[in-house]
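Taken together, the values in this text are just the output of simple stated rules run on the coordinates, not laboratory data. From a predicted model like this one, the values you see are computed outputs, not experimental measurements. A quick note on method: Cβ atoms are made from the backbone with ideal geometry, for glycine too, and the neighbour counts reach across all protein chains shown.
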Amino acid sequence: MGDATIESPEWRKVEVGRIVLVQGESPYAGRLAAIVEIIDHKRALIDGPSADPKLVVPRQAINLTDVLLADLKLEKLPRAVRTGTLKSAWEKGEIDAKWKDSKWAKRKDQTERRKALTDFERFKVMRLKKQRRFEERKALAKVKASA
């Protein structure tokens, strides 16, 4: 038989420098942080020095079940780096801008906007969806008729 190599996916490893999204019952849920040190197989030390003061996550140990690993990473970050050094690496890596451009963040923002809609606004969204569907079907029928 042939040789088989088994490799783990590179973009979802728990490693120093990996950007995580805090979730769960934490008061900092929904904010970004970076893994600074791995404590054991269940916990890691995180720190989130965002440019926006409302999104800062103080340095703390957190259970890995309470975070979601993002595909963003700070390259060549030393272990147990201090907050100031992490902040400069965060700004150099443009993590906030990359996060805002990601599909994950856009989807999260869209879900929050949808949750905040009033009844009348939900009705308007429904009407717009119906209009869009009607136009798409009309265009499709036109293409089928010409073919």
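Some notes on this structure:
- For the residue pairs 54/98; 76/106; 13/108, the C-alpha atoms sit more than 20 angstrom apart in 76/106; 13/108.
- Rounded to whole Hz, the Karplus (6.51, -1.76, 1.60) HN-Hα couplings of segment 23-34, x for glycine and proline: 9, x, 8, 5, x, 9, 4, x, 10, 8, 8, 10
- Charge dipole (Cα centre; +1 on Lys/Arg Cβ, -1 on Asp/Glu Cβ; no other charges) of segment 10-99 amounts to roughly 180 debye.
- Helix 119-146 axis versus longest C-alpha principal axis of the chain: approximately 60°, rounded to the nearest ten.
- When the chain is treated as a GNM with alpha-carbon contacts under 10 Å, the residue of 35, 62, 19 showing the greatest mean-square fluctuation is 62.
- GNM result for the chain, Cα springs below 10 Å: residue of 113, 31, 132 fluctuating most strongly: 132
- Computed across segment 43-141, the Kirkwood radius stands at 17.1 Å (inverse of mean 1/r, all Cα pairs).
- Amide H within-cut-off set for residue 43, under 5 Å, with H built and near neighbours excluded: 64
- Least to most buried among 7, 121, 75 (fewest other Cβ within 10 Å first): 7, 75, 121
- Selected from 103, 129, 115 as most flexible by GNM, with the chain as the system and alpha-carbon contacts under 10 Å: 129
- Cβ-derived FRET efficiency at R0 41 Å, residue 119 paired with residue 60, nearest 0.05: 0.55
- Calculated P(r) of segment 10-99 - Cα pairs past 14 Å, %: 58
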